[in-house]
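Every number in this text was worked out from the coordinates using simple rules, so none of it is lab data. Being a predicted model, the structure only gives us computed values, none of them experimental. All Cβ positions, even for glycine, are placed from backbone atoms using ideal geometry, and neighbour counts span all protein chains on display.
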Amino acid sequence: DGGITQSPKYLFRKEGQNVTLSCEQNLNHDAMYWYRQDPGQGLRLIYYSQIVNDFQKGDIAEGYSVSREKKESFPLTVTSAQKNPTAFYLCASRGAFAPGGANVLTFGAGSRLTVL
Amino acid sequence: SQQGEEDPQALSIQEGENATMNCSYKTSINNLQWYRQNSGRGLVHLILIRSNEREKHSGRLRVTLDTSKKSSSLLITASRAADTASYFCATVWGRSGGGADGLTFGKGTHLIIQP
């Protein structure tokens, strides 16, 4: 089945530690995205990548880093510089962009990070 | 910056009733989408309406779009307990040169269907 796999589902981290969240897709999608969701809040864009070896900062990139070495993979590292990292992290992907057309996103199941 | 804002923040109705959620946005859009999120899960795309469309149906879902008022509504008819979830509107605004930076989501409406 095609889809997006995020791991781990739950992660606990001590303050001062970096942690990497995995996102893998087998949909052959070009674009991938990382969103952060806080309780009762909407989604905020952290980073996105439209093609391999290229990525752009979103609205809240500070304290995060990404890489896009393979089309299928877009890992997110939450660094110790992120002051409030406890949140639910969602990875998404999108197929080829049609001008004026559908930017429908497919989401993974999410990773919940708790900093102790 | 958040583009869409849903209203109400929370809605509780009896099973079988219709549920209506609204979304307002600020700038011009290419299309508007509605997503559903079950508790602790990822979002699932429900329906997309383009800026030149006024109404769209998909099963028990009906979406309307009023670009003059910059607003959209999602109607779920004959609600079921399984419809309990959070519902988000998402917008993509016009961008020259193609490409996209993803969607901008509102804070969502939390819908509870009581059996």
Sparsely packed trypsin sites (Lys or Arg not before Pro) within region B:32-69, loop by DSSP, other Cβ within 10 Å at most 14: B:Arg54, B:Arg60, B:Lys69
Only Cα pairs under 8 Å and at least 6 apart count here; give the relative contact order of chain A as a rounded whole percent. 35
Order of B:Phe105, A:Phe107, A:Phe88 - criterion: other Cβ atoms within 10 Å of each residue's Cβ, fewest first: A:Phe88, A:Phe107, B:Phe105
State the volume of the convex hull built on the alpha-carbon positions of region A:25-116, expressed per residue in Å³ and rounded to an integer. 107
Of the cross-linked pairs A:Lys57/B:Lys56; B:Lys69/B:Lys107; A:Lys71/B:Lys26, which ones have a Cα-Cα span greater than 22 Å in the structure shown? A:Lys57/B:Lys56; A:Lys71/B:Lys26
For the pair A:Thr20 and B:Thr77, how long in nm is the line joining their label points, each one 7 Å along Cα→Cβ? 5.1
With only alpha-carbon atoms in the gyration tensor, what are the semi-axes of the equivalent ellipsoid for region B:17-79, in Å, largest first? 20, 14, 11
Could you work out the pair-distance distribution P(r) of the protein assembly as shown from its alpha-carbon pairs, with 10 angstrom bin width and percents rounded to whole numbers? 8, 33, 35, 20, 4, 0
Would you mind ranking A:Tyr10, B:Tyr87 so that the residue whose beta carbon has the fewest other beta carbons within 10 Å leads the list? A:Tyr10, B:Tyr87
What three numbers, in Å, describe the spread of the alpha carbons of chain B along their principal axes, ordered from the longest? 49, 29, 21
Label zone at A:Ser73 (point 7 Å along Cα-to-Cβ), backbone N below 14 Å, region A:13-27: A:20-26
